[in-house]
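A.B. asks: Supplied in structure tokens, the structure appears directly below.
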Amino acid sequence: MRIAVPLKDERGLESEVCEHFGRARYFAFIDVEENTIKGSEVVEVPFEDHGPGDLPNFIKEHGGEVVLAYGMGKRAIAYFNSLGITVVTGAYGKVRNVVEAFINQVLEVDPHWKERIEATKHQ
């Protein structure tokens, strides 16, 4: 399984999950086999601005099968789903911890991520 996570910076597994999916400049692609992280790579987003489908297609091109993100719009989620990519929202914290919790089925997500994202838009 290959998991994609938007990053706050380019530190990969040591980075934090970027709260604003569409604003992430980097994504970690984490390879998981038998519930263990086998490898990861950080890829810079190759475009400054993006339209509908650009980020889902970018993740698909890099083999992403699951996206762990904090916030994401309904259209983006639907686009990912149309590509056969699973989306989990509300994920936060250090990427390594988030991925390990996900693969061990103990990931705790923020159920109020939508409200928190909206609040930051108006600051």
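Only the coordinates and a few stated rules stand behind these numbers; no lab work does. If you're wondering where the values come from, they're calculated on a predicted model, not measured in any experiment. Ideal geometry is used to build each Cβ from the backbone, glycine not excepted, and the neighbour counts take in all protein chains shown.
A.B. asks: Amide H to amide H, which residues 5 or more places from G71 or on other chains are under 5 Å from it, using H placed in the peptide plane?
C.D. replies: F21, G90
A.B. asks: Report ³J(HN,Hα) in whole Hz for each residue of the stretch 6-13, in order, from the Karplus equation J = 6.51 cos²θ - 1.76 cosθ + 1.60 where θ = phi - 60°; Gly and Pro get x.
C.D. replies: Here the 3J(HN,Hα) series is x, 10, 6, 8, 8, 7, x, 4 Hz.
A.B. asks: Can you work out the base-10 log of I(q)/I(0) for the chain at q = 0.20, 0.21, 0.23 1/Å, using the Debye formula on its C-alpha atoms alone?
C.D. replies: -1.14, -1.27, -1.53
A.B. asks: Also, quick follow-up: Could you check the simple spin-label distance between E118 and N57, using points 7 Å along Cα→Cβ, in nm with one decimal?
C.D. replies: Taking the two extended label points, one gets 3.2 nm.
A.B. asks: Between the stretch 70-123 and the stretch 7-65, how far is it from one alpha carbon centroid to the other, in angstrom?
C.D. replies: 13 Å
A.B. asks: Would you mind counting up the charge near T89? Only other residues with Cβ under 12 Å from its Cβ, with Lys and Arg at +1 and Asp and Glu at -1.
C.D. replies: Its environment carries a net charge of +1.
A.B. asks: Starting from the stretch 1-64, pick out the chymotrypsin sites (Phe, Trp or Tyr not before Pro) whose DSSP state is loop and whose Cβ has at most 11 other Cβ atoms within 10 Å.
C.D. replies: Listed in order of number, the matching sites are F47.
A.B. asks: Just going by the charge dipole of the chain, with Lys and Arg at +1 and Asp and Glu at -1 on Cβ, which of I59, I77, V43 is farthest out on the positive end?
C.D. replies: I77
A.B. asks: Would you work out the charge dipole size for the stretch 2-121 about its Cα centre, treating the Cβ of every Lys and Arg as +1 and the Cβ of every Asp and Glu as -1, and quote it to the nearest 20 debye?
C.D. replies: 320 debye
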